[in-house]
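Here is the structure we will look at.
The values are calculated or read from the model by the stated rules, or taken from the named source; none is laboratory data. Being a predicted model, the structure only gives us computed values, none of them experimental. Reconstructed Cβ throughout: ideal geometry from the backbone, glycine too, with neighbour counts over all protein chains shown. Remember, those area values only see protein heavy atoms, side chains included, never the ligands or the DNA or RNA. Shrake-Rupley method; radii C 1.70, N 1.55, O 1.52, S 1.80 Å.
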Amino acid sequence: MNIEAQKTCPAVCNSKKQEGTARRFFNYEPTSWSTDTFITHTAPIQKPKEWIEARIRELKEEVRTILGSTIDSVEMVNLIDTIEHLGIGYHFKRDIYDALSHLHDVKVVNCDLHHVATRFRLLRQHGFNASSDVFLNFKDDQGNFDENISKDPKGLLSLYNAGYLATPGEEILVDAISFARGHLSLMLDDLRSPLKKQVLRALKMPLHKMVVNVEARFYIEEYDEENRNERLLELAKLDFNTCQTLHLEDMKSLSLWWKNLNTDIAENLKYGRDCLLELYMIWSCGQYFEADQYSRARKMMAKMFTLLAPIDDTFDVYGTYEECKLLNEAIQRWDEKAVDLPMYLRNLCHQLIKTINSFDDELEPSEKYRLPYIIKSAQTLIDGYMQEVEWRVSGYVPSFHERQKPAIDGHVGSLVVGFPLLGAPGEVITKEVFQWLYTFPDVTMDCMRIIRYTDDVVTQERETKSGQGPNTLQCYKIEHKLTNEEATAKFQSFCEDAWKRVNQACLHPADVPRTVLEMFVNQCRQMETFYVYFDDALNKPRNMKKISSLLLLEPFAL
């Protein structure tokens, strides 16, 4: 073993004798809300359900009429941008696509920076390969962005957000981000809200990386402050409240399930994280916030992740080497009884296998092919956990390349490819799509990199304190003899490069519908929003409490 590596990671390079038998503890913060919060919570009734449903149908038709009758390209761009900011774009996918198809063919002449940048961003977001050459008109003779646009905060914000739709090699968009960020940062003190709020939010998390319903929650409040279209605002509030009610119903069902399950496993799992709400908010709602057709998918994901979290903590922190080995072997056998396990793990193993097997009853006959893929994903995930234990116990610090296999193929591969898609409607995820995904095409690998590297950057300090083995960032840092700051910067650049490749894949969908690729974009957004914007909300429940309150417990007044 590399002696220098031992010096670099003293917290994670213990001797085999110590690691093989010793238990370690880490004081995870308690969950944001008690389980009973969502079992007993009653949402305020502002309007009868039937009235709300009828009013939403009426408003959708009115907005559809507005979209169909708007001729001016500037008005159309502003209208579509507002609809999507408000979180109701999913109701008008076909209408927006048709409108953008027309805009894509219209030449941009004598338009300001805000319009050009917003139009470019919307086209790229919807799969149109708009040329970044439109920004050459805002450069001077030396090839730099013209200082004349540096006094236009609204235009700069639009330019900044457009830059994050870059594909590999588009240096003009890299320059756009740097130029816009610099000038926006300098003028912050002179801005007034709501523009100031939007700039502050974008500088921390650009629009393209923000989870849609999180942005909608903020923007609806900000749009309320502006000159506004009352129909759009009313529809946005009604739709947000409707989705919120559906999510509350999910959480009530999940909380009852977890409370009943907890009688068997909770008493012996106090060493691990109890984070049903956090996992539901980050992974389930972040992936599928809209409509009740995704309720099954949201709940299946939350159940799997909630049971996998204490298993992860068993391997990372609490379990002895022999216990981890026995647990991995039981999972690989898919042995629901696993009588050779200590009781605290026997119940957990039993509940994980029983829960995943029970999903077969919820799948349609044409969807049952999915379950073997999910079981294999769970086994790959647990086997990856065991590999990390083997390394930690032996004191071995793997190379960056070695470390990536369990970290990306094992851990994140299960999260990205299998688990989120298990409960998706059959008309969205067909057998052919599922089989294609399990070939791990490039776009899924890049999503895995974004999720893994972002996680490792954000959680490295906590994982070191808890005594876990070195993550991918630490292995890279050791191998390349970098400081922590240098390695972090490198990983952030890895993520930006992966985002560009994902953007490119979304412009040229070849093997699957664009809807499927959008799911991967949403998964990347989940990680960026909840781990970066909300500063590791999964493992810092106090950070989750505010946003979960906004998204789940505080409807808009009608």
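List the pairs whose first member sits in segment 438-450 and is closer than 19 Å to Q287 by Cα and part of a helix (DSSP H, G or I), whose second member is open to solvent by 10 Å² or more (accessible area, probe 1.4 Å) and among the aromatic types (F, W, Y), and whose Cβ atoms are under 7 Å apart, counting only residues at least 6 apart or on separate chains?
R449/F494
Looking at segment 398-421, which of its residues are hydrophobic (A, V, I, L, M, F, W, C) and open to solvent by less than 20 Å² (accessible area, probe 1.4 Å)?
Across segment 398-421, the qualifying residues are A407, I408, V412, V416, V417, F419, L421.
Test of understanding: among E388, E496, which residue is at pLDDT 90 or above, touching a Gly at 6+ places or on another chain (Cβ under 6 Å) and of a type in the set (D, E)? It would help to see each step written out before you state the result.
Numbers: E496 fails: touching a Gly at 6+ places or on another chain (Cβ under 6 Å).
None of the others qualify; the one that does is E388.
I need a count of the residues in segment 114-137 that are among the aliphatic types (A, V, I, L, M), open to solvent by less than 20 Å² (accessible area, probe 1.4 Å) and either in contact (Cβ under 8 Å) with a residue 40 or more places away in the chain or assigned to a helix (DSSP H, G or I) (or both).
To start, the set of residues in segment 114-137 that are among the aliphatic types (A, V, I, L, M) comprises 116-117, 122-123, 130, 134, 136.
Restricting the remaining residues to those that are open to solvent by less than 20 Å² (accessible area, probe 1.4 Å) gives 116-117, 122-123, 130.
Now narrow it down to the ones that are either in contact (Cβ under 8 Å) with a residue 40 or more places away in the chain or assigned to a helix (DSSP H, G or I) (or both): 116-117, 122-123.
Qualifying residue count, segment 114-137: 4.
Can you find, within segment 36-55, the residue that is nearest to D239 (Cα to Cα) among those that are surrounded by 12 or more Cβ atoms within 10 Å (Cβ to Cβ) and within 28 Å of the chain's Cα centre (by Cα)?
Only one residue tops the list, namely A43.
Looking at segment 201-221, which of its residues are exposed (fewer than 15 other Cβ atoms within 10 Å of the Cβ) and either among the basic types (K, R) or modelled with pLDDT of 95 or more (or both)? So that I can check it myself, show each step before the final result.
If we filter segment 201-221 for residues that are exposed (fewer than 15 other Cβ atoms within 10 Å of the Cβ), which is where we start, we get 204, 221.
Across segment 201-221, the qualifying residue is only K204.
Determine which single condition Y385 fails, assuming it passes every other condition in (1) aromatic (F, W, Y); (2) over 24 Å from C285 (Cα atoms); (3) surrounded by fewer than 21 Cβ atoms within 10 Å (Cβ to Cβ).
Only one criterion is unmet by Y385, namely (3).
Say whether the condition of being open to solvent by 10 Å² or more (accessible area, probe 1.4 Å), closer than 30 Å to L517 by Cβ, among the charged types (D, E, K, R) and part of a helix (DSSP H, G or I) is met by at least one residue in segment 248-262.
yes
Given the conditions (1) open to solvent by less than 30 Å² (accessible area, probe 1.4 Å); (2) in a loop (DSSP other than H, G, I, E, B); (3) out of contact with any Pro (no Cβ under 8 Å at 6 or more places or on another chain); (4) modelled with pLDDT under 95, which single one is not true for V106?
Single failed check for V106: (1).
If we scan segment 456-468, do we find a residue that is under 17 Å from the mean Cα position of the chain (by Cα), closer than 22 Å to D409 by Cβ and open to solvent by 20 Å² or more (accessible area, probe 1.4 Å)?
Checked against the condition, which is being under 17 Å from the mean Cα position of the chain (by Cα), closer than 22 Å to D409 by Cβ and open to solvent by 20 Å² or more (accessible area, probe 1.4 Å), segment 456-468 yields at least one hit.
For segment 348-370, which residues satisfy the criterion of being closer than 27 Å to L269 by Cα and open to solvent by less than 40 Å² (accessible area, probe 1.4 Å)?
Across segment 348-370, the qualifying residues are L348, C349, Q351, L352, I353, T355, I356, F359.
Kindly check whether there is at least one residue in segment 395-404 that is closer than 21 Å to D313 by Cβ and of a type in the set (D, E, K, R).
yes
Just give me the residues in segment 138-194 being open to solvent by 70 Å² or more (accessible area, probe 1.4 Å), among the acidic types (D, E) and not in a helix (DSSP H, G or I), in sequence order.
D141, the sole residue that qualifies.
Tell me which residues, restricted to segment 474-532, are free of Cβ contacts under 8 Å to residues at least 40 places away in the same chain and of a type in the set (D, E).
Listed by number, the residues that qualify are E485, E486, E496, E518.
May I ask you to say which residue of G272, G319 is open to solvent by less than 10 Å² (accessible area, probe 1.4 Å) and either farther than 19 Å from G410 by Cβ or not β-branched (V, I, T) (or both)?
So the residue among G272, G319 that is open to solvent by less than 10 Å² (accessible area, probe 1.4 Å) and either farther than 19 Å from G410 by Cβ or not β-branched (V, I, T) (or both) is G319.
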